[in-house]
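The values are calculated or read from the model by the stated rules, or taken from the named source; none is laboratory data. None of these values were measured; they are calculated from a predicted model. Neighbour counts run over all protein chains shown; Cβ positions are idealised from the backbone, glycine included.
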Amino acid sequence: MIYSICDFYVEYTPRYPRLTARSEKYLVKNQGVTPDFSFEVTEEDIDAHIKKYPVDRDLAEYVVAGIKFYEEIISRGAFILHSAALGVDGNGFVFTGPCGAGKSTHASLWRKYFGSKVISINDDKPVIKIENDTAFICGTPFSGKHDINANVKVPLCGIAILHQSPENRIERTMPVNAIPVLLEQTLRPKDMRKMSELFTMLDETLMKVPVYDFYCNISFEAVELSYRTMKGELS
């Protein structure tokens, strides 16, 4: 089967229900197109994953497929970022940070605040893609346990590194300080050539997209502050 993910034509054949269902919205109507790349998740791949992480075969296939997809796109100008990504009025906004920072919580506040105006691009592992000198944020079928994603690609306005705080404050982060954080929230390939390509993409992203340290509480005021700052309405 051929799927359109992040504007890549990707060929793979799901074996189990989870990957089949979550890939459905990315399925290409014209199955005669030439794929940009293909991958296969074998039963041996699934066995190897279960040996390391005791999960069922359905979930193991889904996780391994995501890893194989992410490894392929690194050589094609794209990389994943463990984050929550949202779109409003054709612009993309990303919230990242370590587990427990509140990415999904803040994203849910945006959905309540903006209502039908907001698109949940991906609530766990969106893709940043550099294309025509522009950084885009893209949805993928690989979006964690909640399956919150959309098959869209929009220009990326800003990346916010979340920190829980009783008061709301946002400040621009220097690229040299942002790189270690982003590296912790992406797939770091073992292949040195791909690792070099990843560093190049991170550099390009930070040249094009502002990154912020965002100290926030659970409030609509936090949503408005982050939105207006990343849109460039506040200095």
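Below is a table of values for the structure above.
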| item | result |
| --- | --- |
| Residue that is in contact with a Phe, Trp or Tyr (Cβ under 7 Å, 6 or more places away or on another chain), closer than 21 Å to ASP7 by Cα and either modelled with pLDDT of 95 or more or assigned to a helix (DSSP H, G or I) (or both), where the choices are ILE121, ILE137, ILE128 | ILE128 |
| Search result, residues across the stretch 90-105 that are farther than 12 Å from VAL211 by Cα and among the aliphatic types (A, V, I, L, M) | ALA101 |
| Count of the stretch 72-110 residues which are over 16 Å from the mean Cα position of the chain (by Cα) and over 17 Å from ALA160 (Cα atoms) | 3 |
| Any helices (runs of 4 or more DSSP H) falling wholly within the stretch 1-75 and containing at least 2 residues that are surrounded by fewer than 19 Cβ atoms within 10 Å (Cβ to Cβ) and either touching a Leu at 6+ places or on another chain (Cβ under 9 Å) or among the hydrophobic types (A, V, I, L, M, F, W, C) (or both) | 43-52, 57-73 |
| Filtered residues of the stretch 143-199 (kept if polar (S, T, N, Q) and in a loop (DSSP other than H, G, I, E, B)) | SER143, ASN151, SER165, ASN168, THR173, GLN185, THR186 |
| The stretch 200-235, residues that are in a helix (DSSP H, G or I) and either modelled with pLDDT under 90 or among the aliphatic types (A, V, I, L, M) (or both) | MET201, LEU202, LEU206, MET207, ALA222, VAL223, LEU225, MET230 |
| Test for PHE95: is it hydrophobic (A, V, I, L, M, F, W, C), assigned to a strand (DSSP E or B) and touching a residue at least 60 places away in the same chain (Cβ under 8 Å) | yes |
| Scan of the stretch 2-31 for residues that are of a type in the set (Gly, Ala, Ser) and under 16 Å from the mean Cα position of the chain (by Cα), ordered by number | SER4, SER23 |
| Test: residue in the stretch 135-146 that is touching a residue at least 60 places away in the same chain (Cβ under 8 Å) and over 17 Å from PHE8 (Cβ atoms) | no |
| Count of the stretch 96-120 residues which are under 25 Å from ALA65 (Cβ atoms), among the hydrophobic types (A, V, I, L, M, F, W, C) and in contact with a Ser or Thr (Cβ under 9 Å, 6 or more places away or on another chain) | 1 |
| Qualifying residues in the stretch 124-164 (those that are surrounded by fewer than 23 Cβ atoms within 10 Å (Cβ to Cβ) and of a type in the set (Lys, Arg)) - the one nearest to TYR70 (Cα to Cα) | LYS129 |
| Filtered residue count, the stretch 71-89, keeping only those that are touching a residue at least 40 places away in the same chain (Cβ under 8 Å), within 26 Å of ASP213 (Cβ to Cβ) and not β-branched (Val, Ile, Thr) | 8 |
